[in-house]
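Presented below is the structure to which this report refers.
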Amino acid sequence: MFRSSPEYVDSYYAATSRHLQSNRPSLQEDLDVDVCVVGAGFFGLYSALELAKAGKRVAVVEASRVGWGASGRNGGQMIIGFPCGMQRLKGVMGHDRAKRMFDASREAVADIRGIMDEHRIDCDLVQGHLEVAVLPRRIADLTGWIEECVNEWGYDKLQFVEKKDMPRYLNSARFQAGIIDPEGCHIHPLKYVLGLARA
């Protein structure tokens, strides 16, 4: 039988959000609600928040703590697109559906930012996403992604970073070039999920 720990796993995220963590009481009584959400991670809390905004009476139950699992200890990257690559999605579902998915990934990032603003969630937002090339042959992949975004997905915000300009972003001579995406960003995921729970 799965038994989860009552404490967060030791990590930078847990150590730097202790002031936000609180013990919530165990459920002791029967509740009469419209919806019971099981799991206080990103998806459960977002669903509960949207249902509450729609006027539903909502309870969230969690076996451990808010954001105890992957929601509180992931990499914190908010990046548009999909890890498998847009061309793979296009090959499986066609251009139009892949384009809708690409647009939905941008909307998701914007929605999360909107939640942060509306509920004043301070989660150490760092603006911009940098993708780099270590090997010279990878530079073509970067420029190809810029062209693909413009020509296929209608996204023209990616900026190429030449090797001479890389030290502005990374203090290493190892990187050959990079791409900056101004819509991508990084957050402190545990601070975000704790803020979502407060909201």
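Tabulated data
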{"read-out": "Trypsin sites (Lys or Arg not before Pro) restricted to segment 159-189 and DSSP loop, no more than 11 other C-beta within 10 Å", "value": "R174"}
{"read-out": "Two-decimal log10 I(q)/I(0) for segment 22-97, as the Debye equation yields it once each C-alpha is a single scatterer, q = 0.13 Å⁻¹", "value": "-0.60"}
{"read-out": "For segment 1-63, Kirkwood radius (reciprocal of mean inverse C-alpha pair distance, Å)", "value": "13.7 Å"}
{"read-out": "Apportionment of accessible area to carbon and sulfur, segment 38-121, percent (1.4 Å)", "value": "55 percent"}
{"read-out": "Two-site FRET efficiency, L130 against R106, from Cβ-Cβ distance with R₀ of 22 Å, rounded to 0.05", "value": "0.80"}
{"read-out": "Centre separation in Å (Cα based) which lies between segment 60-81 and segment 19-34", "value": "19 Å"}
{"read-out": "Rounded to the nearest 10 Å², the accessible area of H95 at probe 1.4 Å", "value": "70 Å²"}
{"read-out": "Phi to ³J(HN,Hα) by Karplus 6.51 cos²θ - 1.76 cosθ + 1.60 over segment 127-133, Hz, x for Gly, Pro", "value": "6, x, 10, 10, 10, 10, 10"}
{"read-out": "Trypsin sites (Lys or Arg not before Pro) restricted to segment 1-62 and DSSP loop, no more than 10 other C-beta within 10 Å", "value": "R3"}
{"read-out": "Cα shape, segment 107-183, gyration tensor, a/c 1.5 rule", "value": "oblate"}
{"read-out": "In segment 90-123, trypsin sites (Lys or Arg not before Pro) in a DSSP loop with at most 12 other beta-carbon atoms within 10 Å", "value": "R120"}
{"read-out": "Cα gyration tensor shape for the chain, rounded if a/c is under 1.5, else prolate or oblate", "value": "prolate"}
{"read-out": "DSSP loop GluC sites (Glu not before Pro) with at most 14 other Cβ within 10 Å excluded, longest remaining stretch of the chain", "value": "30-161"}
{"read-out": "Per residue accessible area of the chain, 1.4 Å probe, in Å²", "value": "61 Å²"}
{"read-out": "12 Å Cα-Cα reach of K191 towards aspartates and glutamates, excluding residues that sit fewer than 8 places from it in its own chain", "value": "D122, D124"}
{"read-out": "³J(HN,Hα) computed for each position of segment 178-192 - Karplus, 6.51 cos²θ - 1.76 cosθ + 1.60, integer Hz, glycine/proline x", "value": "x, 10, 9, 10, x, 7, x, 6, 10, 10, 8, x, 6, 4, 5"}
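The values are calculated or read from the model by the stated rules, or taken from the named source; none is laboratory data. Since this is a predicted model, take the numbers as computed values, not measurements. All Cβ positions, even for glycine, are placed from backbone atoms using ideal geometry, and neighbour counts span all protein chains on display. Keep in mind that these areas ignore ligands, DNA and RNA; they rest on the heavy atoms of the full protein, side chains included. Shrake-Rupley method; radii C 1.70, N 1.55, O 1.52, S 1.80 Å.
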